[in-house]
1. Determine, yes or no, whether T168 is open to solvent by 30 Å² or more (accessible area, probe 1.4 Å) and β-branched (V, I, T).
2. Looking only at the stretch 26-41, how many residues end up being of a type in the set (A, V, I, L, M, F, W, C) and in contact with a Phe, Trp or Tyr (Cβ under 7 Å, 6 or more places away or on another chain)?
3. Would it be correct to say that V66 is away from ligand 2 (no atom under 16 Å from the Cβ), closer than 24 Å to G216 by Cα and in contact with a Pro (Cβ under 9 Å, 6 or more places away or on another chain)?
4. In the stretch 198-220, what residues are touching a Lys or Arg at 6+ places or on another chain (Cβ under 9 Å), within 16 Å of ligand 2 (Cβ to nearest atom) and either closer than 14 Å to V179 by Cα or open to solvent by 60 Å² or more (accessible area, probe 1.4 Å) (or both)?
5. Checking the conditions here, which among S42, S68, S31 is hydroxyl-bearing (S, T, Y), under 19 Å from R158 (Cβ atoms) and open to solvent by 40 Å² or more (accessible area, probe 1.4 Å)?
6. Filter the stretch 199-219 down to the residues that are closer than 19 Å to G33 by Cα and assigned to a strand (DSSP E or B), then identify the one that is farthest from ligand 1 (Cβ to nearest atom).
7. Got a sec? Which of R123, R136, R127 is open to solvent by 50 Å² or more (accessible area, probe 1.4 Å) and in contact (Cβ under 8 Å) with a residue 40 or more places away in the chain?
8. From the set of residues in the stretch 13-24 that are touching a residue at least 60 places away in the same chain (Cβ under 8 Å) and away from ligand 2 (no atom under 16 Å from the Cβ), which is surrounded by the fewest Cβ atoms within 10 Å (Cβ to Cβ)?
Amino acid sequence: MAQLEFHDVSKGYKAGDVEVPVLIKVNLEVSKGEILVILGPSGSGKTTLLNLAAGIDKPDEGTVVVGSRDLAGLSEDELTRYRRTRVGYVFQFFNLLPTLTAKENVAVALELLERPDDEEVARALHRVGLGGMGDRFPHQLSGGEQQRVAIARAIVKRPALIVADEPTGNLDEETGAEVFKTLTEVNRDAGSTLIIATHDAKARQHADRVMRLKGGKLEEF
Ligand SMILES: Nc1ncnc2c1ncn2[C@@H]1O[C@H](COP(=O)(O)OP(=O)(O)OP(=O)(O)O)[C@@H](O)[C@H]1O
Ligand SMILES: [Mg+2]
């Protein structure tokens, strides 16, 4: 079953008076549980594509369908709910709150849903190999550990879709490989759908399918 579909999705941005196309009639179907890696150079539209899938941005043309619902048909409240409950986002710069501990950073995702659950938080941290580090602040963790906290935060609400935007962009090669491994293993356990956008070709070995963004088009790699 398709978890996510793009039908002829186009998106561009205005640069002064001219509209610069970023995605041009992109079609995509991602199955439930699939791990898709999207490769593409800087500026090719990877983040744009993830934001459309996450309901953070809207297409200029075409439709984004999630679990058979067209996102364009959702009210703003429903869209907010979709983002908070169904989507886990892992960012290149981790985006942890520096004044909160690892545990608290993960807990925020459930608090936003008014569903606090310390046991789920502990389980998520344990799952990414940080069982003993919940009380540390981000500055007391290595880059790889911080990204694991961010993965725990993304998975704690058990989202149907996880999107990861350059999740290893700030990590050395070895740590990056570990993070890809954690991310994909956790995803397989949870049965969620995972889309990783990256220019790190090493992500390919963890993928079910690899695609490439080029000239606004999404191609099989
Ligand atoms: N909000 C915006 N307003 C104007 N232009 C934008 C906006 N967001 C993205 N763009 C432009 O769209 C193009 C694609 O951007 P996007 O961030 O999707 O690329 P990317 O593949 O993620 O690049 P990177 O690998 O550097 O993160 C770029 O040329 C960028 O400048
Ligand atoms: Mg990007």
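The values are calculated or read from the model by the stated rules, or taken from the named source; none is laboratory data. Since this is a predicted model, take the numbers as computed values, not measurements. All Cβ positions, glycine included, derive from the backbone under ideal geometry; neighbour counts span all protein chains shown. Heads up: the accessible areas ignore ligands, DNA and RNA and are worked out on the full protein's heavy atoms, side chains in. Shrake-Rupley method; radii C 1.70, N 1.55, O 1.52, S 1.80 Å.
1. no
2. 3
3. no
4. The first filter runs over the stretch 198-220 and keeps only residues touching a Lys or Arg at 6+ places or on another chain (Cβ under 9 Å), leaving 198-199, 206, 210, 213, 216-220.
Cutting the leftovers down to within 16 Å of ligand 2 (Cβ to nearest atom) gives us 198-199, 213, 216, 218.
Within the stretch 198-220, T198, H199 qualify.
5. That would be S31, the only listed residue that is hydroxyl-bearing (S, T, Y), under 19 Å from R158 (Cβ atoms) and open to solvent by 40 Å² or more (accessible area, probe 1.4 Å).
6. Going through the stretch 199-219, the residues closer than 19 Å to G33 by Cα turn out to be 203-211.
Narrowing further to those that are assigned to a strand (DSSP E or B): 209-211.
Numbers: R209: 18, V210: 15, M211: 13 Å.
Across the stretch 199-219, the extreme among qualifying residues is R209.
7. Among R123, R136, R127, only R127 is open to solvent by 50 Å² or more (accessible area, probe 1.4 Å) and in contact (Cβ under 8 Å) with a residue 40 or more places away in the chain.
8. P21
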